[in-house]
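J.: Below are the C-alpha cells for one structure; questions will follow.
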Amino acid sequence: MTEAKSITTGGGDRGETSLADGRRVAKNNPRVIAYGTVDELNCLLGLARCESLPTGLQGELLRLQHELFDLGADLAAAPAPDREPAIGAAAVARLEALIAAVETRLTPLAGFILPGGRRASGLLHLARAVARRAERAALEAWQAEQEGGGTFSRQALVYLNRVSDLLFVWARLCNDGGRADILRPSAEAP
C-alpha cells in the first residue's frame, strides 16, 4: 500500500509559490493573483450549481468551470511564445453564442438592476463581480508581462470579459427570465 502524500508541504511558508514551470514567485505576483481570482470565481460557480437552475444551465456552468480551470492553468504557465493557450478565440466565440441565445429568453432590460431576486441569481451576480475582478487581475498580470518582455495571451482578458457578460444574463435567466429582477429606481423617481 502506498502512503498518501500530504497537501501540506511547507513550500509556501515564506510567501512564495511555484508557477507551472516550477519557477518560484511571490504569492502576490500579479499572475498568482490572477489565477487565484479565477479559482475563486470557479468556486462560486460550483456553489451556484448547488441551486435549482433553469434547464441546461447546470451543464453549461460545469463546462464553464472546466474552461476556467484551463484558464487558470494558462495564467499559471510561464510566458512562452511557442505555447498555445488552452483558452482562445474559439472559447470566446462559444460564450458570445451562449449570450446571444440567452438574451432571446429574457425580458427587455428596462434599466439598472440590483443583484438579487432568487438565490441562484444572487450567486451568479456575485460570480459576475468576481469575474470582473479576475479580469482586472489578469490585465495587471498581462501588463506586467509586457513590461518584462514576456508573452501573455490577451485572449484571457477577452474571455473573462465575456464570462462576466454571460453570468449577467444567466443571473437574469435565474430570475424568471428577468421578471424577478430587482429594478433600481431612476434618479428622477421620488
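J.: Go through the residues of region 60-67 one by one and say whether even a single one is modelled with pLDDT under 95, of a type in the set (D, E, K, R) and surrounded by 14 or more Cβ atoms within 10 Å (Cβ to Cβ).
T.: For region 60-67, residues modelled with pLDDT under 95, of a type in the set (D, E, K, R) and surrounded by 14 or more Cβ atoms within 10 Å (Cβ to Cβ): absent.
J.: While we're on this one: Being part of a helix (DSSP H, G or I), over 22 Å from Arg136 (Cα atoms), without any contact (Cβ under 8 Å) to a residue 12 or more places away in the chain and among the aliphatic types (A, V, I, L, M) is the requirement here; does Ala93 meet it?
T.: Considered against the rule, which asks whether it is part of a helix (DSSP H, G or I), over 22 Å from Arg136 (Cα atoms), without any contact (Cβ under 8 Å) to a residue 12 or more places away in the chain and among the aliphatic types (A, V, I, L, M), Ala93 comes out as no.
J.: Can you tell me which residues in region 1-24 are polar (S, T, N, Q) and under 25 Å from the mean Cα position of the chain (by Cα)?
T.: Thr17, Ser18
J.: Within the set of pairs 6+ apart or on separate chains, which have a first residue in region 162-182 that is on the phi > 0 side of the Ramachandran plot, a second that is surrounded by fewer than 21 Cβ atoms within 10 Å (Cβ to Cβ) and modelled with pLDDT of 95 or more, and C-beta atoms under 6 Å apart?
T.: Gly177/Arg105; Gly177/Leu106; Gly177/Thr107; Gly178/Leu106; Gly178/Thr107
J.: Of the conditions (1) at pLDDT 95 or above; (2) more than 16 Å from Arg154 (Cα to Cα); (3) not polar (S, T, N, Q), Val92 clears all except one; give me its number.
T.: Of (1) at pLDDT 95 or above; (2) more than 16 Å from Arg154 (Cα to Cα); (3) not polar (S, T, N, Q), only one is false for Val92: (2).
J.: One residue is enough: does region 107-117 have a residue meeting the conditions loosely packed, with under 14 Cβ neighbours inside 10 Å and touching a Ser or Thr at 6+ places or on another chain (Cβ under 9 Å)?
T.: Yes, region 107-117 contains a residue that is loosely packed, with under 14 Cβ neighbours inside 10 Å and touching a Ser or Thr at 6+ places or on another chain (Cβ under 9 Å).
J.: Can you pull out the residues in region 49-79 that are of a type outside the set (A, V, I, L, M, F, W, C), out of contact with any Asp or Glu (no Cβ under 8 Å at 6 or more places or on another chain) and touching a residue at least 12 places away in the same chain (Cβ under 8 Å)?
T.: Initially, region 49-79 is screened for residues of a type outside the set (A, V, I, L, M, F, W, C), giving 49, 51-52, 54-56, 58-60, 63, 65-67, 70, 72, 74, 79.
Filter once more, so that each one left must be out of contact with any Asp or Glu (no Cβ under 8 Å at 6 or more places or on another chain): 49, 51-52, 54-56, 58-60, 63, 65-67, 70, 74.
Arg49, Glu51, Ser52, Pro54, Glu60, Gln65, Glu67, Asp70, Asp74, listed by residue number.
J.: Of the conditions (1) surrounded by fewer than 14 Cβ atoms within 10 Å (Cβ to Cβ); (2) outside any loop (DSSP other than H, G, I, E, B), Leu160 fails just one. Which one is it?
T.: (1)
J.: I'm trying to understand the selection: among the residues of region 111-135, which are charged (D, E, K, R), part of a helix (DSSP H, G or I) and over 23 Å from Tyr159 (Cβ atoms)?
T.: If we filter region 111-135 for residues that are charged (D, E, K, R), which is where we start, we get 118-119, 128, 132-133, 135.
Next, only the ones that are part of a helix (DSSP H, G or I) stay: 119, 128, 132-133, 135.
Within region 111-135, Arg119 is the sole residue that qualifies.
J.: Return the total of residues in region 61-90 being part of a helix (DSSP H, G or I) and more than 14 Å from the chain's Cα centre (by Cα).
T.: Total meeting the criteria: 3.
J.: Right, next: Of all residues being of a type in the set (A, V, I, L, M) and in a loop (DSSP other than H, G, I, E, B) in region 1-31, which is surrounded by the fewest Cβ atoms within 10 Å (Cβ to Cβ)? Just the residue, please. Talk me through it step by step, then tell me what you get.
T.: Quick first cut of region 1-31, residues of a type in the set (A, V, I, L, M) only: 1, 4, 7, 19-20, 25-26.
In the following step, the residues that additionally are in a loop (DSSP other than H, G, I, E, B) were identified as 1, 4, 7, 19-20.
Numbers: Met1: 3, Ala4: 6, Ile7: 5, Leu19: 17, Ala20: 13.
My answer is Met1.
J.: Here's a follow-up. Which of the following residues is out of contact with any strand residue (DSSP E or B) (no Cβ under 6 Å at 6 or more places or on another chain) and under 18 Å from Ser153 (Cβ atoms): Leu62, Leu68?
T.: Leu68
J.: A follow-up question, please. Within region 1-52, take every residue that is in contact with a strand residue (DSSP E or B) (Cβ under 8 Å, 6 or more places away or on another chain) and of a type in the set (Lys, Arg) and give me the one that is farthest from Glu67 (Cα to Cα).
T.: Filtering region 1-52 for residues that are in contact with a strand residue (DSSP E or B) (Cβ under 8 Å, 6 or more places away or on another chain) and of a type in the set (Lys, Arg), the one farthest from Glu67 (Cα to Cα) comes out as Arg24.
J.: Conditions first: (1) of a type outside the set (Phe, Trp, Tyr); (2) outside any helix (DSSP H, G or I); (3) more than 17 Å from Ala180 (Cβ to Cβ). Ser52 passes all but one, so which condition is the exception?
T.: For Ser52, the failing item is (3).
The values are calculated or read from the model by the stated rules, or taken from the named source; none is laboratory data. Bear in mind the structure is a predicted one, so any value in this text is a computation, not a measurement. Don't worry about glycine lacking a Cβ; one is built from the backbone with ideal geometry, like all the others, and counts go over all protein chains shown.
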